[in-house]
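The values are calculated or read from the model by the stated rules, or taken from the named source; none is laboratory data. Quick caveat, the model's predicted, so the values are computed rather than measured. A quick note on method: Cβ atoms are made from the backbone with ideal geometry, for glycine too, and the neighbour counts reach across all protein chains shown.
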Amino acid sequence: MSYEISKVDKGKEVHFRQPDPAFYEAVGGEEGMRELMYDFYDIIYESDIANFFPQDEEEFNEIKEKNTKFFIQICGGPKVYENETGGMELNEYMVRLHDDFSIYEKSRYEWLGCMEEALRKVDIDQKLKDDFWAYLESFSKLTVNTFADGSTYYAAYTQAAEDK
Ligand code: HEM
């Protein structure tokens, strides 16, 4: 079944794989990716997690564009996000960037829900969307750092890129 979400297990290692570059190609490269990510951020802006993001339009647009560049790079396109990380490994940088926000499992569900809405509009092979989803579903676990029992836990960066 597509678009499934499994729960975060606090402290448990999260294994993920980078998305298959075939997804990037099918979406339509840089331009297609930009369309998808701009739509995703427009959906976020109307969602229950809108409050996490800058309310100022210009600032919001900046994040939108940076987010797009990250996804272009992580999906196998040109390394257009490279110089944002100050030399830190890309995935590790992305985990640490989210430490600045108190992200609950519930926020992650909402984030993934926005992405599902955007992805459903993209008319490409579902298998490729499922592969992209698998990356998002696992990686997003590393961004959750605040728990319903009041505790916080900043996930250690782990990667198992060779996992199938
Ligand atoms: C697969 C999981 C995720 C990925 C790959 C991801 C990626 C990104 C990227 C690339 C940016 C822009 C970074 C920049 O400014 O250079 C960003 C910003 C942000 N993300 Fe995520 N994200 C993920 C999950 C989440 C989740 C679950 C939340 C929950 C609320 C979230 C909240 C935010 C916020 C609040 C910002 C930044 C806003 C700011 O700088 O003001 N992200 N994310």
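Scanning region 119-131 for residues that are surrounded by 17 or more Cβ atoms within 10 Å (Cβ to Cβ) and either in a loop (DSSP other than H, G, I, E, B) or within 13 Å of the ligand (Cβ to nearest atom) (or both), which turns out farthest from the chain's Cα centre (by Cα)? That would be 122. Residues in region 127-142 that are of a type in the set (Lys, Arg) and either at pLDDT below 95 or over 15 Å from residue 37 (Cβ atoms) (or both): 127, 141.
Just one of the listed residues (95, 144) is over 16 Å from residue 19 (Cα atoms) and either in contact with a Leu (Cβ under 9 Å, 6 or more places away or on another chain) or among the charged types (D, E, K, R) (or both), and it is 95. Pick from region 132-161 the residues that are within 14 Å of the ligand (Cβ to nearest atom) and among the β-branched types (Val, Ile, Thr): which of them is nearest to residue 122 (Cα to Cα)? Out of the qualifying residues, it is 143.
Show the residue pairs meeting these rules: Cβ distance below 8 Å; 6+ apart or different chains; first residue within region 99-122 and farther than 12 Å from residue 146 by Cβ; second residue within 9 Å of the ligand (Cβ to nearest atom) and charged (D, E, K, R). Close Cβ pairs (under 8 Å, with a partner that is within 9 Å of the ligand (Cβ to nearest atom) and charged (D, E, K, R)) amount to 112/137. Kindly provide the set of residues from region 143-164 that are at pLDDT 90 or above and either surrounded by 10 or more Cβ atoms within 10 Å (Cβ to Cβ) or of a type in the set (A, V, I, L, M) (or both), ordered by number. Listed by number, the residues that qualify are 143, 144, 145, 146, 147, 148, 152, 153, 154, 155. Beta carbons closer than 7 Å, at least 6 apart along the sequence or on distinct chains, pair a first residue in region 128-156 that is more than 23 Å from residue 1 (Cβ to Cβ) with a second that is within 12 Å of the ligand (Cβ to nearest atom) and in a strand (DSSP E or B) for 152/146.
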